[in-house]
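Reading through the structure tokens given below for one structure.
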Amino acid sequence: MKRTAALSVLCLFTALLLTGCGEEDNASSPEPRRFTTTFVRMDTAVNFTAYCETSGDFDRAVQIVSDTLDEAEKLYDRYAEGSALSALNHEAGTFVVVPEALSALLASCQEWGKTTAGVNLAMGDVTDLWQEARQTGTLPEESAIRDVLACAQSAELEWSAEGIRLTEPDASLDLGCVAKGAAADEAADRLAAAGFTTYLLDCGTSSIRCAGSPPGREGWTVALVNPDSRLNLSGAVSPAPTLGVLVLQDTALGVSGDYQRYGIFDGDVYAHVLDPETGYPARFVRQVCVLADSAARADYLSTALFAQPFEQAWRTVQELSGVAGLFVLPDGSLRMSEDFPLRAA
């Protein structure tokens, strides 16, 4: 979650793009009405749409979301001094007491990692090398990548009564692959507890969590970006802006793509998602979209599947329960699970 321009990380857009509510209360109409707003949290553009009876109700929902994302930043932003993750990294090699939310998220990532390769949370320093490379326009030295990757690959997480320990003192945890999804899930739980049942929360447009359906509709309509419309690596002539649309209800969507954040070095594109085996940007596919029961899981899986060889990722998504996936291959063609509900735009 390093400070970057929020608009540079967008990886899909919704057909409901948010423009500000601009609606007045109408006491004679108890029917829920659509309200929408956009704000910045966790260093990214957050779009929130909900159906509420009054603007006051919507304001309460927005406050719940905003407060939740603020709390998530204090938990998961490793660049923020005083965050829980920053404290854990600073004390790497010793046990640290961390908030339950962080401990639970790390435990979930470990569990997901047992069935899905492609993610190493301890690659924070490797990520920093590539972040600096994109800023300076100079590729990292192979020796530098090799050194920090070795630390990341030797690092493990241990739990005890004294807290959590990152075993490798020279490694650094990074939760960029899952933090926004985890925040969206927590916001969803709080919205439900407060009685809000119909909304779409879009965190950076790569992490989406929705509930219910707009009145008179099947669900929330979300359009998936065509990678070639942003970064035409396939050489398509006049590429379509979208791959198609999804109609979603009570689910979560995570997306990883090579066009989100990337650097170009000597004419080659280097995406931001790293292969944990090599420490270099993954180039197996162009984009992965995952539907799952939680935004955290969808985010984690979209990253993990992007960062492993396609045939391995394809087998994995077929084996996972409660998951549907779509892949955009290097030539621009699509492969998707039978139950991935893509429709023509």
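Structure above, values below:
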{"item": "Carbon plus sulfur fraction of accessible area for the chain, probe 1.4 Å, in percent", "result": "49"}
{"item": "Among TRP112, TRP314, TRP159: highest mean-square fluctuation, GNM of the chain, C-alpha pairs under 10 Å", "result": "TRP159"}
{"item": "q = 0.12 Å⁻¹: log10 I(q)/I(0) that the Debye formula gives for the chain, counting C-alpha atoms only", "result": "-0.85"}
{"item": "For the stretch 280-319, alpha-carbon Rg over 2.2 N^0.38 Å", "result": "1.11"}
{"item": "Length gained when the stretch ALA193-GLU132 is fully extended (0.36 nm per residue, less Cα-Cα span)", "result": "17.8 nm"}
{"item": "VAL247 paired with SER333, simple spin-label distance in nm, labels 7 Å along Cα-to-beta-carbon", "result": "2.9"}
{"item": "1.4 Å probe accessible area per residue over the stretch 90-243, in Å²", "result": "43"}
{"item": "Two-site FRET efficiency, ALA345 against ALA161, from Cβ-Cβ distance with R₀ of 51 Å, rounded to 0.05", "result": "0.40"}
{"item": "Protection proxy ranking of 290-301, 81-92, 44-55 - average other beta-carbon atoms within 10 Å, highest first", "result": "290-301, 44-55, 81-92"}
{"item": "Magnitude of the charge dipole, the stretch 207-311, Cβ model with Lys/Arg +1 and Asp/Glu -1, debye to 20", "result": "320"}
{"item": "FRET efficiency estimate (nearest 0.05) - Cβ-Cβ, ALA80 to GLN312, R0 35 angstrom", "result": "0.50"}
{"item": "Highest-MSF residue in the chain out of ALA183, ALA194, ALA72 [GNM, Cα springs under 10 Å]", "result": "ALA194"}
{"item": "Label point distance in nm, VAL40-ALA240, each placed 7 Å from Cα along Cα→Cβ", "result": "3.4"}
{"item": "Computed accessible area, VAL98, all protein chains, 1.4 angstrom probe, square angstrom", "result": "30"}
{"item": "Dipole in debye (nearest 20) - the chain, about Cα centre, beta carbon charges: Lys, Arg +1; Asp, Glu -1", "result": "860"}
{"item": "Farthest toward positive dipole pole in the stretch 48-87 [+1 Lys/Arg, -1 Asp/Glu at C-beta], among PHE48, GLN63, GLY82", "result": "GLY82"}
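The values are calculated or read from the model by the stated rules, or taken from the named source; none is laboratory data. This structure is a prediction, so every number in the text was calculated from the model and none was measured. As a convention, Cβ positions derive from the backbone with ideal geometry for all residues, glycine included, and neighbour counts pool all protein chains shown. Just so you know, the surface numbers come from the protein's heavy atoms only, side chains and all, with ligands and any DNA or RNA stripped out. Shrake-Rupley method; radii C 1.70, N 1.55, O 1.52, S 1.80 Å.
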